[in-house]
Amino acid sequence: MPSAASRIAVVTGASSGIGAATARQLAGAGYRVVLTARRKDRIEALAEGINAAGHQATAYQLDVTDRAAVDEFATAFKTIGVLVNNAGGALGADPVATGDPADWRAMYETNVIGTLNVTQALLPKLEASGDGTIVVISSTAGHGTYEGGAGYVAAKHGEHVLAETLRLEIVGKPIRVIEIAPGMVKTDEFALTRFGGDETKASKVYEGVAEPLTADDVADTITWAVTRPHHVNVDLLVLRPRAQASNTKVHRDL
C-alpha cells in the first residue's frame, strides 16, 4: 500500500483505453485516483464504477492543453503521489509531403505541451509528498520512426525527450520519472481516432495479429512500475506484443 502522503494518483486521458484501465488498476492498488479528461460523462461513469467496487475515485473535467485550466486544477492539491501523463493520441497517417499541419500541431499540443502543462503544475505537489512518481506514457513511436507516422513519431519523440531531460534535471529530489513506451495496443478508440472514424482503415492496423496488447496489459505494467520500492526507478520500459518485433515488423496470420 502506498503511504498516506502519496496516495493520490492523477491520471490524464482517463476517459477510455489505457487511461481508464490504469485508473482502475491504481485504485485497486490502494490509490485515491483523480480521473481527468475532456469527456466529463465518461470519467464520471468510471469514477462511479471504481467507487462502487469499494475503491476511491474522483472525476475532474480537464483539457490538458488549456494551461489556465490545468493551473486551476493543481490548486486543489497540497500533495499528490503519482501523476500518469497518458493524454495524447495520433491523427492521420499521411507522408511528410502531404501531412496536415493542423494534425501535427494538435498531436504536439496534446502529447507534448499537455504533458508539460500538467507536469509543471503538479511538480511542487509531487515533491511535497516526499515520494512522488511521474509516469509518461509515450510509445515505441518515440524510439523509432516508420513511414506515414512522422507527425505522431515527432510528438512522441518530444514526449520521450521531455521525460528523459526532466529525470536529469530533478535528480536528488524525491521524485521518480518513469517512461512506459507501448507498441501495438488494441483499444476501442486509438486507431479509429487516428483514421478519422474510418473503421476499415482502423481494423487493418490489427489485421491478422492474434494477440495485440490490451489496455489492461499496459495498465498492469504501469501499476507494477509505480508500486516498486521508492528507491527503484524504471527509467524506460518498452512493451510490445510477442507478434511485434519492431514498429514495422509484425507477424500476421493472413
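The values are calculated or read from the model by the stated rules, or taken from the named source; none is laboratory data. Worth saying up front: this structure is predicted, and the values here are computed from it rather than measured. Virtual Cβ from ideal backbone geometry, glycine too; neighbours counted across all protein chains shown. Each accessible area value is taken on the protein alone, full model and side chains, heavy atoms only, with ligands, DNA and RNA left out. Shrake-Rupley method; radii C 1.70, N 1.55, O 1.52, S 1.80 Å.
Find the accessible area per residue for the chain; the probe is 1.4 Å, ligands and nucleic acids are left out, and the unit is Å².
So the chain comes to 47 Å² accessible per residue, rounded to a whole number.
If you project the alpha carbons of the chain onto their three principal axes, what span does each projection cover, largest first, in Å?
Reported extents, whole Å, longest axis first: 51, 38, 33.
If one takes the longest principal axis of the Cα atoms in the chain, at what angle in degrees, from 0 to 90 and to the nearest 10, does the Cα axis of helix 114-128 lie?
The answer is roughly 20 degrees.
Just order 42-49, 190-197, 22-29 by mean Cβ neighbour count inside 10 Å, highest at the front, would you?
22-29, 42-49, 190-197
Under 17 Å from the 7 Å Cα→Cβ point of GLU127, by amide nitrogen: which residues of region 149-166?
Those under the cut-off are 165-166.
With the cut-off at 25 Å, tell me which of the pairs LYS156/LYS201; LYS204/LYS249; LYS40/LYS204 have Cα atoms farther apart than that.
From LYS156/LYS201; LYS204/LYS249; LYS40/LYS204, over 25 Å: LYS40/LYS204.
Of the peptides 98-108, 143-153, how do they stack up when ordered by the mean number of other Cβ atoms within 10 Å, highest first?
Details: 98-108: 14.9, 143-153: 18.2.
Output ranking for 98-108, 143-153: 143-153, 98-108.
What shape does region 45-164 take by its C-alpha gyration tensor, where a ≥ b ≥ c are the square roots of the eigenvalues and a/c under 1.5 counts as rounded, a/b above b/c as prolate, and the rest as oblate?
prolate
What area, in nm² and to one decimal, does the C-alpha convex hull of region 1-68 cast on average over all directions?
4.6 nm²
Report ³J(HN,Hα) in whole Hz for each residue of region 134-139, in order, from the Karplus equation J = 6.51 cos²θ - 1.76 cosθ + 1.60 where θ = phi - 60°; Gly and Pro get x.
The phi angles translate into 10, 10, 10, 8, 9, 5 Hz.
Work out from phi, with θ = phi - 60° and the Karplus expression 6.51 cos²θ - 1.76 cosθ + 1.60, the ³J(HN,Hα) of each residue of region 9-18, listed in order in whole Hz, and give x for Gly and Pro.
Coupling constants for region 9-18: 10, 9, 10, 8, x, 8, 7, 6, x, 4 Hz.
Order of 235-241, 112-118, 220-226 by packing, highest average Cβ count within 10 Å first?
112-118, 220-226, 235-241
Tell me the angle of helix 150-169 to the major Cα principal axis of the chain, expressed in degrees between 0 and 90 and rounded to the nearest ten.
That works out to roughly 30 degrees.
Can you compute 3J(HN,Hα) from phi for each residue in region 228-244, using the Karplus curve 6.51 cos²θ - 1.76 cosθ + 1.60 with θ = phi - 60°, rounded to whole Hz and x for Gly and Pro?
Result, rounded to whole Hz: 5, x, 4, 8, 9, 10, 8, 4, 8, 10, 8, 10, 9, x, 4, 6, 10.
Of VAL11, GLY148, HIS230, which is farthest on the positive side of the dipole of the chain, counting Cα position, with +1 on Lys and Arg Cβ, -1 on Asp and Glu Cβ, and the Cα centre as origin?
Most positive-ward Cα: HIS230.
If you count the DSSP beta bridges with both ends in the chain, what percent of them are antiparallel, to the nearest 5?
Counting only bridges with both partners in the chain, antiparallel ones make up about 5 percent.
Given H placed on each backbone N at 1.01 Å, which residues far from VAL238 in sequence or on other chains put an amide H within less than 5 Å of it?
For VAL238, whose amide H was placed from the backbone, the distant partners under 5 Å are ALA181.
At a 1.4 Å probe radius, carbon and sulfur cover how many percent of the accessible area of the chain?
52 percent
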